[in-house]
Amino acid sequence: MIKWAGRLMVFFGAAHTIGALTVEGAAHHAGAWFSGALWDDDLAAMGPANSAYWLSLASFGVPLTVVGLMVLWLDRRGIVPPTFIAWMLGIWIMVGAVVLVFTPWPIVLLANVLLLVGTRRAARTAPLRPTPTTRTP
């Protein structure tokens with residue numbers, strides 16, 4: 001479950017970012033991004049370049065991909081991801097679902113549920129770690 005949660009996060013985060021850059025055409029504004037054109041742009045009245053930036057590189061896609069890669073990295077090493085990752089991600093998803101109802105948030109919610117259930121199962125079945133002992137030289 002944990003592995004599938006990480007894979008879904010990586011897929012959805014990367015697909016969102018790449019889709020925004022290509023299909024939505026956000027990459028056409030890269031020249032403005034790297035020339036400093038956004039420095040004086042008003043966030044309340046965003047221009048097209050600023051809007052494209054927040055849709056692509058500054059969106060949730062990049063951090064979601066990083067979280068998914070971190071979950072996969074931990075899983076490959078036999079480390080159970082901490083449950084706070086699933087809880088914080090779940091809160092973030094639900095806020096996004098309330099604010100923007102017609103987005104594909106259920107995909108990320110599925111990944112979140114898999115992560116939460118997987119971490120809880122792994123924590124229940126993991127053997128207790130022995131307490132560290134102090135060794136004297």
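Only the coordinates and a few stated rules stand behind these numbers; no lab work does. Computed from a prediction, not measured in an experiment: that's the story for all the values here. In this analysis, Cβ positions are derived from the backbone assuming ideal geometry, glycine residues included, and neighbour counts consider all displayed protein chains.
Some values worked out for this structure:
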{"quantity": "The range 1-51: chymotrypsin sites (Phe, Trp or Tyr not before Pro) in DSSP loop, at most 12 other beta carbons within 10 Å", "calculated": "Trp39"}
{"quantity": "Total formal charge among the other residues, if their Cβ is under 12 angstrom from that of Ala49, Lys/Arg +1 and Asp/Glu -1", "calculated": "-2"}
{"quantity": "Angle between the chain longest axis and helix 83-99 axis [Cα atoms, degrees, rounded to 10]", "calculated": "30 degrees"}
{"quantity": "Estimated dipole of the chain in Debye, rounded to 20 [Cβ of Lys and Arg +1, of Asp and Glu -1, Cα centre]", "calculated": "1220 debye"}
{"quantity": "Nearest 10 degrees, 0 to 90: helix 105-125 Cα axis against the chain principal axis", "calculated": "10 degrees"}
{"quantity": "Rounded tilt (10° steps) of 61-76 against the dominant C-alpha axis of the chain", "calculated": "20 degrees"}
{"quantity": "Near-label residues of the range 60-88 by backbone N, under 13 Å of a point 7 Å along Cα→Cβ of Ala15", "calculated": "none"}
{"quantity": "Computed label-point distance, nm, for sites Val113 and Trp92 using a 7 Å Cα→Cβ extension", "calculated": "2.0 nm"}
{"quantity": "Local electrostatic count at Pro81 - Lys and Arg +1, Asp and Glu -1, tallied over other residues with Cβ under 13 Å", "calculated": "+4"}
